[in-house]
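Down below is the structure, laid out as structure tokens.
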Amino acid sequence: MIARWVRRKLEEKLRVSRWGLRKLDERLRIASVVREAVAKVFPDHWSFMLGEIALYAFVSLLLTGTFLAFFFDPSSGERIYAGDYAGLHNSRVSAAYASAVELSFDVRGGLLVRQTHHWAALIFVAAIVTHMLRNFFTGAFRRPRELNWIIGVTLLVLAIANGFAGYSLPDDLLSGTGLRIANSIALSMPIVGTWAAFLLFGGEFPGESIIPRLYILHVLLLPGLIAALIGAHMGILIRQKHTHFAGPGRNDHNVVGSKMWPTYAFRSFALLSALFAVTFALGGLVQINPVWLWGPFDPGTASAPAQPDWFMGWLEGALRLYPPIEFTVFGYLVPAPFVPGVLLPGLTFAIMYVWPWLDRLITKDRAAHHLLDRPRHSPARMAVGVWALSFYGLLLLAGSDDVLADLMGLPVLTVMKTMRIVVIVVPFLFAAAAYALARALRANPEQRLSGLRWKQIRKSDVVEEETRHGGS
Amino acid sequence: MRRPTPAVCLALAAFALTAVAGLAAANPAHDPVERGRQLYGASCAGCHGQSGEGFMTSPSLRGVGAASADFQLSTGRMPLSAPDARPHPREPAFDHQDIAALTAFVASLGGGPQVPAVGPGDPRKGRTLYLASCASCHSASGVGAALPGGGAAPSLLNTKPTQVAEAVRLGPGAMPAFDTKTLTEAEVNSIIAYIGTVRDEFRHGGAAIGGAGPVPEGLVAWVIGLGVLILVILFLGRRAS
């Protein structure tokens, strides 16, 4: 009796809510979109989740960053630090520095969140780079996905820029050193240098404006842009469908994998949880950027070793290795930091942007692809990728030449001079080796890298010739 | 078993004391300078000469004073392994008492600065002074760093207060000596107090991974951070297919 009554009531409620949803959908037309998204198929290969690590790192950054914004005071104005840290107690320092130390000593949970935020930032950029390498070596950037490749490169640039801005906010000695280098790089640009530096810093270095400006960039403009571009990136991804690796039953017109709901959603949620677990574990257990030790920025003091975060480290390495040469072009003096500080990153990102079209020149393949290449498929692409990986990796290493020297017990100057040669020569050797290996692997498709024989590497060109002849 | 009465305890203690005193009186080496002379003859004279006059690369010890001897011995720099070796800090070769004896002997060779006394200092002032005068070589976190011209400034985290006070005045190796005009005694005390603060807070926030800043941090982010997450997606990918 009662049971029937309850059921009737429930059915009534359901009818009402269905009616409500239908009316809503008549206006928003959302059901078809949701249906499509829920039915979207995700490939199962693990490497498709690399970008998702970056996505969730960004989520973690937004959450922890919001907490930090409640306590951080982005101002160069001086005030007294009155917190617990004995080394700074009752000292006059900039409000930015004082509030960063307060977050580390006096705000409950502040240090955990500060450190988690910083670890998540390092992992964010690392995940973007790894995701990009996967797309590069498998040719995922090819037609019709050039646009998403370009958005991806832009996301990398924005992530690096935002990392640098955030790292510079606490106004400590290390970040001040970084800003001074940024200032001298801006100044080194011919013609527009002084103007650019003044525009950025609002006057002479260091000035009062840079911290508030970096803050607006760091918490509003850059994250806003990143969020918008992530939206576009994923919108395009859904529209174009995923790529996938070749295999039985897989072709250019389908995607084999798991449906968005429920299979993939749960897998993705597991990754989100893992990301929070890893970033918070690092934030709680491993110290990062102890600004209280670096001290407030003071143009008169220095600490060694002084490095930027890893994603700027390759630029630091280039600046350290580049000899102090100045030259004139069309009567304009080009100071030494211009080549490593402006030209190198400019060229680097320019080439990354146009890579989908450069790749067409190399592979002579202009067709649309939805099936991924195996990395071995294009030895030339492999060689370029390995060259770039080792070149920028070695620059990153050169950025820590003093730490290396300390570890190896060698004079810094010796390490630096050696690295100058290593950075030029070794990437070409690696690229040549990668080319030969990729070619041998391509000739032996069932072979793995670990099982490759010397004979197969040497004979790979012969085998390729034979297969080509056999095919024709 | 019955516990010994207090009277028995006292008697035993008195016996032990007289025995030790008797032994000490019988042993001429109880006089620190005399004991120092013996140790010096065995471990130092080969390089620095019988009466500390110096020889070849080994400097004369006359007038270097107790401060220098205490610093060299307590940081384990002396005795050097070879006359042309580079002195560096390690486990001291002698115990506390023998270092005092050797120091007394070197001081007896003639004059020189005493072992400095370290008083309380203000870590706040010490921070400013440390960052301005010492961090460029020893690093802000005190872990030491390579020097541009080769060699390295050692870590200060295990250095004792007296050794810091001695080093500031002596300027060992490539380090400049700071006189009392550049850094007053109170300022040195403050620097020492600050090094104590750095040591206390060294692990604030977790494992200090070398205290060397972004280089080890980047390594941890890639290897542990991204590394673990890649293992996670490998696992998720394997479960799926």
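The values are calculated or read from the model by the stated rules, or taken from the named source; none is laboratory data. Note that the coordinates shown come from a computational prediction; the quantities given were computed from them, not determined experimentally. Cβ coordinates were reconstructed from backbone atoms using ideal geometry, including for glycine residues, and neighbour counts include every protein chain displayed. Just so you know, the surface numbers come from the protein's heavy atoms only, side chains and all, with ligands and any DNA or RNA stripped out. Shrake-Rupley method; radii C 1.70, N 1.55, O 1.52, S 1.80 Å.
Structure notes:
- Screening A:G202 on (1) surrounded by fewer than 20 Cβ atoms within 10 Å (Cβ to Cβ); (2) within 14 Å of chain B (Cβ to nearest Cβ) shows it passes everything except condition (2).
Residue by residue, here is whether (1) aromatic (F, W, Y); (2) closer than 14 Å to B:L39 by Cβ; (3) assigned by TED's automatic domain parsing to the domain that holds B:Q163; (4) in contact (Cβ under 8 Å) with a residue 40 or more places away in the chain holds:
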position: B:L80; (1), (2), (3), (4): no, no, no, no
position: B:F94; (1), (2), (3), (4): yes, yes, no, yes
position: B:A100; (1), (2), (3), (4): no, yes, no, yes
position: B:T103; (1), (2), (3), (4): no, yes, no, yes
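- Count of residues meeting criterion [assigned to a helix (DSSP H, G or I) and either within 19 Å of A:V33 (Cβ to Cβ) or among the hydroxyl-bearing types (S, T, Y) (or both)] in segment A:238-270: 10
- Against the criterion of being under 30 Å from B:G211 (Cβ atoms) and outside the structural domain of A:L179 (by TED's automatic domain parsing), A:F311 qualifies.
- Close Cβ contacts (under 9 Å, 6 or more residues apart or on different chains) running from residues in segment A:102-126 that are at the interface with another protein chain (Cβ under 8 Å from one of its Cβ atoms) to residues that are open to solvent by 10 Å² or more (accessible area, probe 1.4 Å) and acidic (D, E) comprise A:F105/A:D84; A:F105/B:E201.
- Among the residues of segment A:246-259, the ones that are open to solvent by 40 Å² or more (accessible area, probe 1.4 Å) and either touching a residue at least 12 places away in the same chain (Cβ under 8 Å) or touching a Pro at 6+ places or on another chain (Cβ under 9 Å) (or both) come to 7 in all.
- Taking the criterion of being within 8 Å of another protein chain (Cβ to nearest Cβ), open to solvent by 30 Å² or more (accessible area, probe 1.4 Å) and touching a residue at least 60 places away in the same chain (Cβ under 8 Å), the only residue of segment A:397-414 that qualifies is A:D406.
- Of B:P92, B:P83, B:P87, all but one fail to be open to solvent by 40 Å² or more (accessible area, probe 1.4 Å), within 15 Å of B:A167 (Cα to Cα) and not in a helix (DSSP H, G or I); the exception is B:P87.
- Once segment A:273-323 is narrowed to residues that are facing chain B (nearest Cβ under 9 Å) and aromatic (F, W, Y), the residue that is farthest from A:A86 (Cα to Cα) is A:F311.
- All positions within segment B:190-221 that are aliphatic (A, V, I, L, M), part of a helix (DSSP H, G or I) and in contact with a strand residue (DSSP E or B) (Cβ under 9 Å, 6 or more places away or on another chain): B:I209, B:V220
- When residues in segment B:110-156 are screened for being within 8 Å of chain A (Cβ to nearest Cβ), surrounded by fewer than 18 Cβ atoms within 10 Å (Cβ to Cβ) and under 17 Å from B:D200 (Cα atoms), 0 of them pass.
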